[in-house]
Amino acid sequence: MANKLLSAIEDDVFLSEGSVPIVIEGLEHSYEKKDFLPDESMHNSHELLYLSEGKVDLVIGNETVSLTDGAVVIIRPLVRHKLVIRSSKADMLNLYFGFVHELSELEQTRESLKNNKDTQKLSNSAGPSVSIPGSLAKISLENFLKFADLGITEDNDITRQPFFVIKGSGKKEIGQLAERIVTEDSKNLYAKDLMVHTLSVELMIVLSRSLRSEWEENLRVKNGKAKELVAIAKQYMDENFDQGITVSEAASYVFLSQGYFTRAFRDETGISPMNYLMKKRIEKACKLLQNNEIKVSAISLQSGFSSPQRFNVAFRKQMGMTPMEYRKKYL
């Protein structure tokens with residue numbers, strides 16, 4: 001029963017996102033300042049580092065980031081990095097994860113990991129204890145999370161860097177989920193695989209929300225960026241308002257949450273996106289009503305309304321009369 005449910009969840013995630021997340025291994029480490037750590041580590045997977053206690057420097061290339069209690073960092077595949085312990089003791093959790101394009105790859109990857117589970121990499125205590133398939137390095141986190149496809153990622157610091165630090169309240173929830181995954185994976189309980197996979201999908205969702213929040217925060221400090229995105233969304237709305245699009249769809253088109261998009265749109269245009277869509281639809285309906293040969297029910301659909309009833313209510317509210325009264329008055 002559990003295996004069938006796991007398969008159903010994986011099928012659903014694959015159909016909606018085009019790839020499936022897989023957690024390779026989760027390890028808990030407790031280091032002291034005197035402990036030996038390798039000069040560099042590099043993995044064929046994404047690495048989530050959650051520092052529960054202590055102070056650590058993460059060194060990637062010429063950049064050094066100081067991490068303290070509660071810090072969460074995502075390191076991309078094939079990125080060389082090293083850790084330097086700055087406190088007397090540092091407790092951390094390292095979660096290694098990746099994505100597969102096909103469900104058949106998921107089973108192959110799981111089987112491969114199962115077969116080499118006992119192969120310890122004692123020469124690199126900072127890395128996973130199993131050999132990670134190289135194919136897991138090919139799919140980016142953005143690919144799974146469906147980041148913006150309008151060139152926004154070219155200007156987005158989050159997607160250009162070899163790693164990124166999670167900020168805000170989301171990092172606490174991410175750390176807690178990572179700990180739950182590691183704990184669950186270490187026990188041989190009923191439906192363990194199902195629970196680990198479910199938590200992994202939840203982790204990706206929370207991570208996506210945190211990155212979206214950080215993206216929006218970046219917009220607040222980058223002059224002109226919000227204005228540019230509103231202009232792109234406005235053009236999208238102008239071209240598709242009669243197709244029944246929603247404010248949520250317009251916001252997603254420029255990779256913004258609905259709440260932030262609504263505020264930014266109102267600041268730039270002086271009108272809410274919902275009222276703007278309604279205005280465009282009513283304007284088109286008025287033009288169509290001038291043709292006596294088109295039925296009112298057909299006009300409602302051609303203007304982007306989901307039903308004649310909604311059309312009548314919206315039209316009366318904005319124009320002060322019903323569509324039929326408008327047509328008679330115009331004719």
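Read-outs throughout are calculated quantities, based only on the coordinates presented, and are distinct from any laboratory measurement. In this text, all values refer to a predicted model and were calculated from it rather than measured experimentally. Cβ coordinates were reconstructed from backbone atoms using ideal geometry, including for glycine residues, and neighbour counts include every protein chain displayed.
From the backbone phi of the range 169-183, what are the Karplus-calculated ³J(HN,Hα) couplings (6.51 cos²θ - 1.76 cosθ + 1.60, θ = phi - 60°) in whole Hz, Gly and Pro given as x?
Result, rounded to whole Hz: 5, x, 5, 5, 5, 5, x, 5, 5, 4, 5, 5, 5, 5, 5.
In whole Hz, what ³J(HN,Hα) sequence does the range 294-301 give by Karplus (6.51, -1.76, 1.60; θ = phi - 60°), x for Gly and Pro?
Going residue by residue, I get 8, 5, 4, 4, 6, 5, 4, 6 Hz, with x marking Gly and Pro.
Using Cα pairs under 8 angstrom and six or more residues apart, how large is the relative contact order of the range 223-331, in percent?
Here the relative contact order equals 24 percent.
For the range 223-331, what is the Kirkwood hydrodynamic radius in Å, using each pair of distinct C-alpha atoms?
After inverting the mean inverse Cα-Cα distance, the result is 14.6 Å.
What is the set of long-range amide H partners of SER45 at a cut-off below 5 Å, with H atoms built 1.01 Å from backbone N?
LEU78
Could you work out how much longer the chain between GLU228 and THR198 gets when fully extended? Use 0.36 nm per residue separation minus the Cα distance between them, nm to one decimal.
Working it through step by step, the gained length comes to 7.1 nm.
Can you run phi through the Karplus equation (6.51, -1.76, 1.60; θ = phi - 60°) for the range 319-331 and list ³J(HN,Hα) in whole Hz, with x for Gly and Pro?
Per-residue couplings from phi come out as 9, x, 7, 7, x, 5, 5, 5, 4, 5, 5, 5, 5 Hz.
Return the long-range amide H neighbours of SER303 (sequence gap of 5 or more, or a different chain), with a cut-off of under 5 Å between placed amide H atoms.
The answer is none.
Would you tally the net charge around LYS171, using a Cβ to Cβ cut-off of less than 12 Å, leaving LYS171 out, and scoring K and R as +1, D and E as -1?
With Lys, Arg at +1 and Asp, Glu at -1, the neighbours total 0.
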